[in-house]
Amino acid sequence: MSSTEIQLVFEGSAVQSGMIDARMFAESLAGCSEIFRRTNEIANGEASEAAVLVESEFKAGSFIAGLQLEQHVIETAKNLITHHEFLTAGGLAALIGFIKKSDSIGESLIDLWKWLKGKKPERVTQVGNNTEITLGPSKKTVSNVVYNLYGDSAIRAAFGQATEPLRQSAIDRISVKQDGTEQVAFEKDEAPIFEAEPLQLEGDASPTEGERDAVLIVSKLSFKEGSTWTFFEQGGTVVAKIEDKEFWQKVHQHVVTFGEGDSLKVRLQWKVFEKNAKLVQKNNILRVYQVLERPKQMRLDGGKDDEVMPDRPIRKFRLKDE
């Protein structure tokens, strides 16, 4: 298990008066927890679990919440997921932007969000493991993982929840600190940025069904035939069933080994139909041409998160979704 600690600091007139809405405070912490959990799910896959523990002893009038971010690989999945290095808790926090990046990390999700300032990218080009984003005369390059995080509706909603106190008159600023040093801050005038509409991918408006070749990045996999897999493609999410019998035979015989973050080059069949007054797209993978291994990633945190943390007397509780 790896872990890293940060402090969430609320600033404003509520701090001066020593009063803050308890529900708003709790929802903001829950939003931070969901951001970390979902980032781990996208970056590391279902073979890894993440949790956020909150120190239960708050200093009166300070409104500083100590958060311990934890990540570990599920024991039963270790034999299924091969040849991959998982991002540690510190690496995930740096990927999000909760802690400052090093030269090897590149731009974080929060860096990208603040740069776009709520506007949609004008052009997106994938170049190997990176994505080049164009906005007006400016360009920014981020990793494909960061771009996928940006396009994830669950993370977008969680950021809106985490920054909700800024939309109240009593809170002017929320900052994230580590070891007393400020890492990133959300200002009141930045609150609308994190309420932006989810990223929408342009699609073909005329046909309602068809087939195409595609390269899909594995997000959620299953070793049970008939179940759905979740993939990323150019920042969007594709949910599909794999109907290639030859592929399944190779999986069961361990001829094919792969893990989350790998890509599949496939023949994708899709059909759009109406269900409960809504348009729904059904996807089936007719053939898996090739498994493309995810390139090796550098450690994002210098390995410090693997060190044994000293015992602390502070009680903690786990944030759970209601």
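Here, each number is a calculation from the coordinates, and none is a lab measurement. Treat the numbers as computed from the prediction; the structure is a model and nothing was measured. Note that we place each Cβ from the backbone using ideal geometry, even for glycine, and neighbour counts take in every protein chain shown.
Peptides 165-171, 138-144 ranked from most to least packed give 165-171, 138-144, packing being the mean of other C-beta atoms within 10 angstrom over each peptide's residues.
On the basis of the beta-carbon distance and an R0 of 35 Å, ALA170 and LYS120 show a calculated FRET efficiency of 0.65.
Each residue, ASN129 and LYS250, gets one label point 7 Å from its Cα in the Cβ direction; the gap between the two is 2.4 nm.
Extension gain, THR257 to ASP213: 0.36 nm times the residue separation minus the Cα-Cα distance gives 13.7 nm.
So for each of 213-222, 180-189 I average, over its residues, the number of other beta carbons within 10 Å; can you give me the resulting order with the highest mean first?
Per-residue mean Cβ counts within 10 Å order the peptides as 213-222, 180-189.
When ILE155, ILE242 are arranged by Cβ crowding within 10 Å, least crowded first, meaning fewest neighbours, the order is ILE242, ILE155. Remark: GLU132, GLU70, GLU122 ranked as GLU122, GLU132, GLU70, counting other beta-carbon atoms within 10 Å and listing the fewest first. Taking other Cβ atoms within 10 Å as a rough exposure proxy, ASP172, ASP262 sort from fewest to most as ASP172, ASP262.
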